[in-house]
Amino acid sequence: MLVLGLDTCLNACSVAILDGERVLAHRSEAMTRGHQERLAPMAEAAMADAGVAFGRLQRIGATVGPGSFTGLRVGVAFAKGLGSALSIPVVGVGSLEALAAEATGLVAAAIDARRDQLYLQVFEDGEPLMAPDVLPIGTAAARLAELGMGRALTLVGSGAPLLAETAPGARMLTPEGCDARHVARLAARKVAAPIRPLYLRAPDAKLPGGRDP
């Protein structure tokens with residue numbers, strides 16, 4: 001299956017094209033803003049790198065959050081638009097699940113949500129041990145200690161350093177964003193369903209009148 005994977009949820013913009021397990025192309029750029037301007041050109045460049053026409057794609061996978069409200073909307077909108085134009089399924093992949101794919105065994109994916117909070121989800125060999133959640137750092141640490149039970153652990157994501165004291169022997173990975181290669185692999189395994197953003201909490205920014213953006 002030819003799958004286009006996209007990530008714009010965090011501090012990078014990442015695009016990959018996979019044919020089964022074979023990576024045909026992968027591009028990634030670190031950025032905190034500007035995803036909207038870079039995503040389409042990066043996707044076009046990656047398709048050219050792969051030597052694949054957009055019309056040959058069979059599925060699109062995109063991270064749906066949690067993460068940057070603006071960034072995840074960019075990726076979801078692009079994926080929906082392209083999927084509609086090509087009449088192919090578009091599959092949402094949680095950013096915490098994509099981060100956790102960086103490691104095997106017991107993995108805690110944690111994103112710094114600011115306000116002394118973390119987005120957290122714990123996995124064991126790719127299977128979730130809890131639903132994605134937004135928690136105060138202390139509560140997240142207690143939840144992790146409960147699930148980890150002193151076992152070997154990998155912490156992944158921008159929130160990993162905030163949990164380091166809870167798991168002093170843990171391996172730590174802090175990628176800028178989700179790897180679109182993992183997004184594509186995960187999307188290929190999922191049942192196609194309507195894609196929608198996963199916010200977990202209201203945005204920090206407000207429009208005039210106190211409305212959410």
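Restricting attention to segment 112-134, the residues that are surrounded by fewer than 19 Cβ atoms within 10 Å (Cβ to Cβ), closer than 16 Å to Gly67 by Cα and within 19 Å of the chain's Cα centre (by Cα) add up to 5.
Screening Leu72 on (1) part of a helix (DSSP H, G or I); (2) out of contact with any Pro (no Cβ under 6 Å at 6 or more places or on another chain) shows it passes everything except condition (2). The residues of segment 1-23 that are among the charged types (D, E, K, R), surrounded by fewer than 24 Cβ atoms within 10 Å (Cβ to Cβ) and in contact (Cβ under 8 Å) with a residue 12 or more places away in the chain, listed by number, are Asp19, Glu21.
Rundown of residues vs (1) closer than 21 Å to Ala62 by Cβ; (2) of a type in the set (A, V, I, L, M), yes/no style:
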residue: Leu129; (1), (2): no, yes
residue: Pro132; (1), (2): yes, no
residue: Arg143; (1), (2): no, no
residue: Ser158; (1), (2): yes, no
residue: Ala167; (1), (2): no, yes
residue: Thr174; (1), (2): no, no
residue: Ala180; (1), (2): yes, yes
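For segment 151-160, the criterion of being at pLDDT below 95, out of contact with any His (no Cβ under 6 Å at 6 or more places or on another chain) and of a type in the set (Ser, Thr, Tyr) is satisfied by no residue at all. With respect to Phe69, determine if the residue is among the hydrophobic types (A, V, I, L, M, F, W, C), over 15 Å from Asp179 (Cβ atoms), modelled with pLDDT of 95 or more and outside the structural domain of Ala131 (by TED's automatic domain parsing). No; evaluated as a whole, the condition is false for this residue.
Looking across Ala109, Ala160, Ala101, Ala140, one residue alone is crowded, with 18+ Cβ neighbours inside 10 Å, more than 18 Å from the chain's Cα centre (by Cα) and not acidic (Asp, Glu). It is Ala140. Restrict the check to segment 82-97 and report whether at least one residue is among the aliphatic types (A, V, I, L, M), under 22 Å from Gly61 (Cα atoms) and either without any contact (Cβ under 8 Å) to a residue 12 or more places away in the chain or surrounded by fewer than 18 Cβ atoms within 10 Å (Cβ to Cβ) (or both). Checked segment 82-97: at least one residue is among the aliphatic types (A, V, I, L, M), under 22 Å from Gly61 (Cα atoms) and either without any contact (Cβ under 8 Å) to a residue 12 or more places away in the chain or surrounded by fewer than 18 Cβ atoms within 10 Å (Cβ to Cβ) (or both). Among the residues of segment 28-58, the ones that are within 15 Å of the chain's Cα centre (by Cα) and either without any contact (Cβ under 8 Å) to a residue 12 or more places away in the chain or part of a strand (DSSP E or B) (or both) come to 3 in all. Count of segment 24-43 residues, restricted to those that are aliphatic (A, V, I, L, M) and either farther than 23 Å from Ala53 by Cβ or surrounded by fewer than 17 Cβ atoms within 10 Å (Cβ to Cβ) (or both), is 3. Pairs linking a residue in segment 61-80 that is at positive phi and touching a residue at least 40 places away in the same chain (Cβ under 8 Å) to a residue that is buried (at least 24 other Cβ atoms within 10 Å of the Cβ) and of a type in the set (Gly, Ala, Ser), with Cβ atoms under 6 Å and 6 or more positions apart or on different chains, are Gly65/Ser95; Gly67/Ser95. Test Thr174 against the criterion of being touching a Ser or Thr at 6+ places or on another chain (Cβ under 9 Å), more than 19 Å from Leu10 (Cα to Cα) and either modelled with pLDDT of 95 or more or β-branched (Val, Ile, Thr) (or both), and give yes or no. When the stated conditions are applied, Thr174 does not pass them.
The values are calculated or read from the model by the stated rules, or taken from the named source; none is laboratory data. Not measured: the values here are computed from a predicted model. Counting neighbours? That spans all protein chains shown, and the Cβs are built from the backbone with ideal geometry, glycine included.
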